[in-house]
Amino acid sequence: MKRIALALLLLSLPVVAAAGEDGPRWSLEIKGGKLHSAMDEWGDYYGDNRLPSIGIGVGYKVWRPLEIGLEAGYARDRGEGFAPVHGINAGQVRYELLPVHLSATLRGIFREDQWLVPFVGAGVGRYGYRVSVTGQERTSGSTGGSLYRAGLQLLIDRLDPRSAHELQRHAGIDNTYLFLEYRKTKAEVEGSDLGGEAWLGGLLFEF
């Protein structure tokens, strides 16, 4: 992570010089999508390897293009447990994943009215998990992991300037973006990877 952080800082320098110090300092992200589990056998118990996933995050802009953020997420799935010795179903299984990430995000923004803003990011996190099987005790735990992400933001203020002005006036929101994000996560526990690949969409508010 030290190498990743250093690389992000070095890449940000020319962008920072172009963008300057003006602009909003805080951001709020709300997102949702599907996590494709890295475990090949996931579909054997849950039907497929796609887990509904949601997240919310806050960030502070050290410079206009470079942001340090904290994000909490939640994903869950339901399926059938299996007892290999007996060859029978062992009951309904409920799986929950609760990741928390601390990350750095670099955005290619050069002016406040820029329509499209690309971004990349990396971070570290803690992954909590819970597995509940009907008639059995719940298993839970946590492990460390990593996050890499990239995406594109669309500034929607220019589509409706009047509403954007009202949001700024009454709620203090300077910019509102619609974004699409690809991310890859990794978190190993007992030889299994709790992470995977995900496509997420959402809204980003800057203030």
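The values are calculated or read from the model by the stated rules, or taken from the named source; none is laboratory data. The structure displayed is predicted, hence computed values, not measured ones. Cβ placement follows ideal geometry from the backbone for every residue including glycine, while neighbour counts extend to all protein chains displayed. Ligands, DNA and RNA are stripped out before the accessible areas are found, and what is left, the full protein with its side chains, is counted by its heavy atoms. Shrake-Rupley method; radii C 1.70, N 1.55, O 1.52, S 1.80 Å.
Brief remarks on what is shown
- Residues of region 55-71 satisfying the condition of being open to solvent by 50 Å² or more (accessible area, probe 1.4 Å), of a type in the set (A, V, I, L, M) and either closer than 12 Å to L28 by Cα or touching a residue at least 24 places away in the same chain (Cβ under 8 Å) (or both): I56, V58, I68, L70
- From V93, V131, V85, residue being outside any strand (DSSP E or B), among the aliphatic types (A, V, I, L, M), more than 28 Å from F179 (Cβ to Cβ) and at pLDDT below 95: V85
- Remark: E190 matches the filter, which requires a residue to be open to solvent by 70 Å² or more (accessible area, probe 1.4 Å) and at positive phi.
- Residue among G55, G43, G33, G23 that alone is modelled with pLDDT of 75 or more and part of a helix (DSSP H, G or I): G43
- Selection within region 156-207: residues that are touching a residue at least 60 places away in the same chain (Cβ under 8 Å) and in a loop (DSSP other than H, G, I, E, B). The member of this set that is farthest from the chain's Cα centre (by Cα) is D174.
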